[in-house]
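Below is one structure, written out as structure tokens; comments come after it.
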Amino acid sequence: MYILSQIGESSSESLPDRIRAARLNEVGNLIAMQRRSRDRTLETLRRFQQENEAGLELVIRARIAIVALYLNDTSFASAMCQIEDRPNPILRTEFISQLFAWHADPLELARIVGSSNDVGLQSAVCLGLEGMTHDASVTAKAAWSPILTKWWETAPDCVTQSSAERALLLFRQDATIKDSMRQMDGSRDWYFNSVDMKLARIPPRHAGKVIPIQSTTGPQTEF
């Protein structure tokens with residue numbers, strides 16, 4: 001189907017159907033083809049999601065968000081990955097699960113997500129990177145290293161900070177605790193004490209709160 005697109009012929013499948021059917025080794029080509037008509041592709045995906053909101057499968061929703069993310073539109077993924085006031089935690093879990101198993105070049109992702117200030121998206125991508133560790137090129141790892149290091153050292157929330165640390169270790173990059181990370185101030189919810197134990201501040205509104213985990217066909221863990 002991607003060869004047909006390249007020479008100017010149209011596939012009989014709709015774009016959502018192609019996204020649903022694409023295998024891991026086809027994701028990069030699928031996204032490359034959509035870059036030729038980026039704005040039209042994003043509008044098609046946005047309209048499809050709006051028209052099918054009630055019954056849209058989590059898998060296809062997550063894959064649409066991943067395709068849009070690689071097309072430099074973070075809005076689909078950000079909506080799925082939010083942490084605060086999220087209506088359904090399973091959306092975030094499904095996005096991470098799909099990014100782990102269904103992605104294109106992590107180097108492209110570094111260029112897009114690296115400049116984002118969305119901590120929900122940052123941490124979700126960090127967790128999804130685990131599925132890319134074996135395929136990532138030396139160049140991709142070099143591009144991700146300063147991004148992950150910055151999030152590990154300065155992220156305001158514990159989720160992003162811990163997720164960045166995990167990704168650094170998986171990429172076999174250094175995660176050294178600096179003196180600045182031992183200072184507890186109002187800019188972040190964590191710090192390391194004198195014996196390198198990380199302590200986290202729990203906001204009063206979350207203390208003792210139990211969040212139910214809904215059943216899903218994907219991972220049974222909430223991130």
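The values are calculated or read from the model by the stated rules, or taken from the named source; none is laboratory data. All values reported here derive from a predicted model rather than from experimental measurement. No Cβ is skipped: glycine too gets one built from the backbone with ideal geometry, and neighbour counts run over all protein chains shown.
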Given the options Arg23, Arg35, Arg18, Arg47, name the one that is of a type in the set (Lys, Arg) and in contact (Cβ under 8 Å) with a residue 24 or more places away in the chain.
Arg35
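Residues checked against (1) under 28 Å from Val59 (Cβ atoms); (2) among the β-branched types (Val, Ile, Thr):
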position	(1), (2)
Asp105	yes, no
Val113	yes, yes
Ala140	yes, no
Ser145	no, no
State yes or no: is Glu165 in contact with a Gly (Cβ under 6 Å, 6 or more places away or on another chain) and of a type in the set (Asp, Glu)?
no
Using beta carbons and a limit of 6 Å, which pairs, at least six apart or on different chains, have the first residue in the stretch 138-157 and in contact (Cβ under 8 Å) with a residue 60 or more places away in the chain and the second one part of a helix (DSSP H, G or I)?
Asp157/Val119
Looking at the stretch 34-57, which of the residues that are at pLDDT 95 or above and among the aliphatic types (A, V, I, L, M) is nearest to Asn72 (Cα to Cα)?
Leu42
In the stretch 41-135, which helices (runs of 4 or more DSSP H) lie fully inside it and hold 3 or more residues that are within 22 Å of Leu30 (Cα to Cα)?
58-70, 75-81, 89-101, 106-113
Taking the stretch 121-136 and keeping only residues that are among the small types (Gly, Ala, Ser) and under 17 Å from Trp152 (Cβ atoms), one is left with Ser123, Ala124, Gly128
Could you say whether any residue in the stretch 163-184 is part of a helix (DSSP H, G or I), closer than 16 Å to Asp118 by Cα, of a type outside the set (Lys, Arg) and out of contact with any strand residue (DSSP E or B) (no Cβ under 8 Å at 6 or more places or on another chain)?
yes
Residue selected from the stretch 149-199 under the condition more than 20 Å from Ile83 (Cβ to Cβ), polar (S, T, N, Q) and loosely packed, with under 12 Cβ neighbours inside 10 Å, by the criterion nearest to the chain's Cα centre (by Cα)
Thr176
Top-ranked residue in the stretch 94-122 [being modelled with pLDDT of 95 or more and of a type in the set (S, T, N, Q); ranked as farthest from Asp189 (Cα to Cα)]:
Gln98
